[in-house]
Structure formats: C-alpha cells, structure tokens
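Contents: one structure, followed by commentary.
The values are calculated or read from the model by the stated rules, or taken from the named source; none is laboratory data. Every value quoted in this text rests on a predicted model; they were computed, and no experiment measured them. Neighbour counts run over all protein chains shown; Cβ positions are idealised from the backbone, glycine included. Accessible surface areas use protein heavy atoms only, side chains included; no ligands, DNA or RNA. Shrake-Rupley method; radii C 1.70, N 1.55, O 1.52, S 1.80 Å.
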Amino acid sequence: MSEFIAGPHSRELWEHVEPIIKDIEALPFIEQLSDGSLDPKVFVHYLLQDEVYLDGYGRAMAQLSSKSSRNDDMEFWAGATSEAVVAENELHEAVFADEVFAPLVKEIQQETAGTRGLRHGERGSDEGRDAEAVIASPTSLGYVSFLMATAALRPYQVGVAGVLPCFWVYAHIGKVLMKKAGSNLEGHPFASWITMYDSPEFDESTRGAVAILEREMEQATPALRAEMKAVFEQASLYELHFWASAHVYEDWTTPMP
C-alpha cells in the first residue's frame with residue numbers, strides 16, 4: 001500500500017491501478033536500473049524521451065494552474081511546473097555531461113534524425129552538449145498529447161487525475177528502486193536519478209498533488225468521479241508503457257506486433 005494515500009478516494013484509485021504498478025515494478029528496465037546493469041545507451045534514450053515528456057507535462061500543469069478557482073491550487077501547480085521540470089532538466093544536463101553518457105546523446109540523436117515523428121522544440125547549443133531536436137517516440141507523443149488534451153479540454157478535476165500518476169508512480173518507484181539498489185549507491189551509474197525520486201522534496205510534492213485529488217474527488221459528482229478514475233488509470237498505463245518502450249528503444253521504425 002502506498003504511503004501517499006490521502007483518504008478513501010485516493011486509496012480506491014491506488015488499489016484500482018495496483019496491478020499496473022506491479023507490472024511496472026517487474027519491468028526489466030526497473031530491475032536493470034536498480035542493479036546498475038542497464039545499457040547506458042538505453043538510459044540516455046530514456047532521458048531524451050523524458051525531456052519530450054517534461055515539456056508537455058509542464059504545459060499540462062500550467063493549464064491546471066490557470067483553470068483552478070483556488071489560489072492555493074494555482075500556486076501549487078505553478079510551483080510544481082517550475083520546480084519539478086527545472087530540477088529534472090538540470091539532472092538530465094548533469095547526466096549528459098558525464099563522460100560515459102555524453103557521447104551517446106549525439107549518437108542517439110543522429111540515429112533518430114531520419115525517423116518519422118514530431119520535433120519538440122529546437123534546442124540550441126548549451127555548455128553541456130550540442131542539443132538537437134528530440135524526436136518523440138510513439139509512446140512519448142501519445143502520453144504527452146493525452147496529458148495536454150486532458151488538462152486543456154476536460155474539467156479541472158479530470159486534468160488533476162491525469163497528471164497525478166507522474167507524481168505518485170514516480171515517487172513509489174523511486175522507493176522501490178532504493179530498496180532494490182540498497183542504501184549504499186556509491187559507484188552506482190544511475191545513483192543521481194534514483195535518489196532524485198526518493199527525496200523529501202519530491203515526496204512533499206506528491207503528497208500535495210494527492211491531497212488535491214482527494215479533495216476534488218470528495219466534492220465531485222459520481223459521474224465526474226468515474227471520469228477521474230478512468231483518466232487516472234489511463235495515465236498509469238502510459239507510465240507503464242513509457243518505461244517499457246524505453247527499454248526496447250522504441251522509435252518510429254519499431255515494427256507493430
């Protein structure tokens with residue numbers, strides 16, 4: 001059971017998606033990330049796709065901030081947009097500057113430059129790397145499009161349910177990774193990423209987001225509550241597929257099963 005549950009409605013949601021959470025915990029990507037055996041190129045590919053995701057995720061939270069009728073919610077989503085997205089992008093840059101990972105960034109960008117897909121934001125050169133356009137994988141594009149459309153076009157409460165799994169699932173998996181990896185991460189190639197998602201700051205943000213969801217579900221009509229539950233489940237499935245697609249190095253040339 002999750003430590004971030006804020007009441008009966010968030011408890012019901014977590015229990016509803018628990019089979020999805022178990023599937024995430026059992027992914028080879030998670031197992032190899034925790035024991036340090038993950039292919040560094042797969043990890044860099046994942047982080048590049050995470051940059052695409054964070055762009056859309058930040059925009060979705062900005063939509064929630066503008067749509068909320070409560071000042072405290074507006075402040076929360078605005079703060080989450082700047083703090084979470086900026087902090088993770090800073091972590092990405094630190095990883096990409098590492099001598100092990102840095103050569104892989106350009107290699108992956110060159111490999112994917114000719115694939116089909118949308119280019120998310122041309123990024124100019126910076127101190128850490130020659131940044132080029134990152135092409136969203138099919139799963140990344142689907143997840144980002146889902147979040148942005150949900151936040152923009154559906155009721156505020158439903159938008160909250162859409163962005164919450166990113167907070168909640170990542171916080172949970174961060175603790176799973178720490179447990180699997182052990183307390184001593186010295187020399188672990190992915191230590192900085194693992195510890196970021198098992199931090200008091202991220203836990204606090206997750207509790208804040210879950211508390212907003214709990215309040216909104218308590219006040220919602222049964223029909224709206226059902227819609228929130230469905231969107232929460234869909235976003236949780238996207239979390240599962242996002243990690244799974246990173247492990248198989250998904251791009252627009254990946255054949256359909």
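Since only F167, F232, N184 are under comparison, the one whose Cα sits farthest along the positive direction of the charge dipole of the chain, derived from C-beta charges on Lys, Arg, Asp and Glu, is F232. If I take every Cα pair under 8 Å that is 6 or more residues apart in the chain, average their sequence separation and divide by the length, what percent do I get for the relative contact order? Relative CO of the chain lands at 32 percent. For the chain, adding -39500 (n - 2.57) for each run of n ≥ 4 DSSP H residues and dividing by the number of residues yields -24500 deg cm²/dmol at 222 nm. Against the compact-protein benchmark of 2.2 N^0.38 Å, the Cα-based radius of gyration of the stretch 147-194 scales to 1.65.
The base-10 log of I(q)/I(0) for the chain, evaluated at q = 0.15 Å⁻¹, reads -1.11 [Debye formula, identical scatterers on Cα atoms, solvent excluded].
Bridgeable aspartates and glutamates around K180 (alpha carbons under 13 Å apart, same-chain partners fewer than 8 residues away excluded): E25, E31, D35, D198. When only alpha carbons of the stretch 192-239 are considered, Rg and Dmax amount to 13.7, 42 Å.
FRET efficiency for the A152 to A211 pair, using the beta carbon distance and R₀ = 22 Å, is estimated at 0.40. Placing a pseudo-label 7 Å from each Cα along the Cα-to-Cβ vector at Q110 and S82 gives an inter-label distance of 3.9 nm.
In order along the stretch 99-105, phi translates into HN-Hα couplings of 5, 6, 8, 3, x, 6, 4 Hz, rounded to whole numbers, per the Karplus curve 6.51 cos²θ - 1.76 cosθ + 1.60 with θ = phi - 60° and x for Gly and Pro. Largest first, the three principal axis extents of the alpha carbons in the stretch 1-42 are 41, 16, 14 Å in whole numbers.
In the context of the full set of protein chains, residues of the chain present 44 Å² of accessible surface per residue (probe radius 1.4 Å, heavy atoms only).
A straight chain from E93 to E204 at 0.36 nm per residue would run longer than the Cα-Cα distance by 37.6 nm. Taking the stretch 194-220 and a reference point 7 angstrom along Cα→Cβ of R70, the backbone N atoms nearer than 13 Å belong to 208-220. Can you give me the angle between helix 138-153 and the longest principal axis of the chain, using Cα atoms only, in degrees from 0 to 90, rounded to the nearest 10? It works out to around 30 degrees.
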